[in-house]
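Quick one: the structure is below, questions incoming.
The values are calculated or read from the model by the stated rules, or taken from the named source; none is laboratory data. These figures come from a predicted structure and were not determined experimentally. In this analysis, Cβ positions are derived from the backbone assuming ideal geometry, glycine residues included, and neighbour counts consider all displayed protein chains.
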Amino acid sequence: MSAKEAIHITDVAPRDGLQNQAVDVGTEGKLRLIELLVEAGLRSIEVTSFVSPKAVPQMADAAELAAQVQARFAALRTSVLVPNLKGLERAHAAGAKEIAVVLSATETMNRKNINMGLDQATEVSEQTLAAARALGLRTRAYVAVAFDCPFEGETPLDEVLRLSARMHAAAADEIVIADTIGSASPGQVKARMAALRGVVPIERLAVHLHDTRGMGVANAWAALEAGVRRFDASVGGIGGCPFAPGAAGNVATEDLVLMAERSGFSTGISLAGLLAAVDFAQGALRKPLGGRAITWLRRQRDKDTQDNTRRLA
Ligand code: COA
Ligand code: ZN
């Protein structure tokens, strides 16, 4: 029997998930969530963002958190989001080894998110990538609102291709095509990924999906079929950009893992471990969490526990 093909998942819950929550879980709460994700088998986590604390107060502890995560989980690929050179400087000072720049594919989304126009945001992203490489850091480049923009409607594919090619030319290790508001459909994902393969080598492409319209897992499957093997997801489906109206949570890590494993791919991630992380996040954020499969997954866990108890009795 041939070995299962691996897919790579980055959990973005501590950054994308927690940047928009009313309840502050504190640095200790974030560390515990990250610890549970590592225990579940995640090897790559986006832990925080070095942005203006006025823009996103939930990420004000970025330096302390990033330093603690690097010290405690040496084998983990710890990514941090930086919107500009100042963010890179702060991240580097905190010992970060991997950064992500965020370029939106429309004029208005860049202005709302990082207070720059599209041209300036592109140049700043390129400068930040070059500076990060010079420091020896691994780099990710988000191309956000790559399907639809909450302000400008459908994003022209040509723009997504042009900006992805620019990020590739700027030597980003990974180019993350983001459905920021979760409006994409599997047909669109299939078509856009086929076009993107023409400008960025497939092994450098990742997708970052949100589940606003219930199509997150179907979109992930479309990306898989198109050859993509790198995915962002958020445990419990926590997430949503505070500057993109209407954005719901990311595709849930547990849904993505279940789908991929059931379809013959290996993720290296334990569903039981993810459920422990969802339970913790639920308690910390004081609201029900979990992806589409959460009820079934919990029922399976309860059943397994009962079976084990019976066997032991
Ligand atoms: N981290 C912390 N502070 C920063 C910073 C960073 N990366 N970049 C700029 N600042 C500070 C400046 O030092 C300045 O501080 P001061 O008022 O004490 O002098 C202040 O922010 C304004 O600087 P300026 O360069 O004029 O920035 P801005 O007001 O145009 O804001 C961003 C630009 C990018 C800093 C801000 O829009 C931001 O942080 N956006 C984050 C968006 C986000 O996280 N979105 C969700 C994830 S995609
Ligand atoms: Zn997102």
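Give me the residue from the stretch 20-44 that is at pLDDT 95 or above and either of a type in the set (Lys, Arg) or within 16 Å of ligand 1 (Cβ to nearest atom) (or both) and, out of that set, surrounded by the most Cβ atoms within 10 Å (Cβ to Cβ). Walk me through it before giving the result.
Here is the first cut: in the stretch 20-44, the ones at pLDDT 95 or above are 25-44.
This time we only want the ones that are either of a type in the set (Lys, Arg) or within 16 Å of ligand 1 (Cβ to nearest atom) (or both), so: 30, 32, 43.
Numbers: Lys30: 26, Arg32: 16, Arg43: 17.
Here the answer is Lys30.
Let me ask you something else. Identify, from the list Ser266, Ser234, the residue that is hydroxyl-bearing (Ser, Thr, Tyr) and more than 12 Å from the chain's Cα centre (by Cα). Even if it seems obvious, please write down each step before you answer.
Working: Ser234 fails: more than 12 Å from the chain's Cα centre (by Cα).
On inspection, the qualifying residue turns out to be Ser266.
Take the conditions assigned to a strand (DSSP E or B) and at pLDDT 95 or above and apply them to Asp279. Does it pass?
Values: assigned to a strand (DSSP E or B): no; at pLDDT 95 or above: yes.
It is false that Asp279 is assigned to a strand (DSSP E or B) and at pLDDT 95 or above.
Kindly indicate which of Leu271, Leu209, Leu256 is away from ligand 2 (no atom under 16 Å from the Cβ) and either of a type in the set (A, V, I, L, M) or more than 19 Å from Thr295 (Cβ to Cβ) (or both). Outline the logic, then answer.
Values: Leu209 fails: away from ligand 2 (no atom under 16 Å from the Cβ); Leu256 fails: away from ligand 2 (no atom under 16 Å from the Cβ).
After ruling out the rest, the residue left standing is Leu271.
Hey, can you tell me all the residues within the stretch 139-162 that are buried (at least 17 other Cβ atoms within 10 Å of the Cβ) and either in a strand (DSSP E or B) or at pLDDT below 95 (or both)?
Thr139, Arg140, Ala141, Tyr142, Val143, Ala144, Asp148, Cys149
Something else about it: Which numbered condition in (1) away from ligand 1 (no atom under 13 Å from the Cβ); (2) surrounded by 17 or more Cβ atoms within 10 Å (Cβ to Cβ); (3) assigned to a helix (DSSP H, G or I) is the only one that Ala121 fails?
Unmet condition: (1).
Could you list, ordered by first residue, the pairs with Cβ atoms under 6 Å in which the first is in the stretch 124-146 and within 16 Å of ligand 2 (Cβ to nearest atom) and the second is in a loop (DSSP other than H, G, I, E, B), at least 6 apart or interchain?
Every condition considered, the pairs that remain are Ala141/Ala172; Val143/Ala105; Ala144/Thr180; Val145/Ala105; Val145/Thr106; Val145/Thr155; Val145/Thr180; Ala146/Ala105.
Among the candidates Ala226, Ala194, Ala220, single out the residue that is out of contact with any helix residue (DSSP H, G or I) (no Cβ under 9 Å at 6 or more places or on another chain), among the hydrophobic types (A, V, I, L, M, F, W, C) and away from ligand 2 (no atom under 13 Å from the Cβ).
When all the criteria are applied, what remains is Ala194.
Which residue pairs have Cβ atoms under 7 Å apart, sit 6 or more places apart or on different chains, and have a first residue in the stretch 234-250 that is more than 14 Å from Gly214 (Cα to Cα) and a second that is crowded, with 24+ Cβ neighbours inside 10 Å and among the hydroxyl-bearing types (Ser, Thr, Tyr)?
Listed by first residue and then by second, the contacts come to Ser234/Thr253; Val235/Thr253; Cys241/Thr180; Ala244/Thr180.
Please verify whether Ile114 is in contact with a Pro (Cβ under 7 Å, 6 or more places away or on another chain) and within 30 Å of Ala93 (Cβ to Cβ), treating the condition exactly as stated.
Values: in contact with a Pro (Cβ under 7 Å, 6 or more places away or on another chain): yes; within 30 Å of Ala93 (Cβ to Cβ): yes.
Yes.
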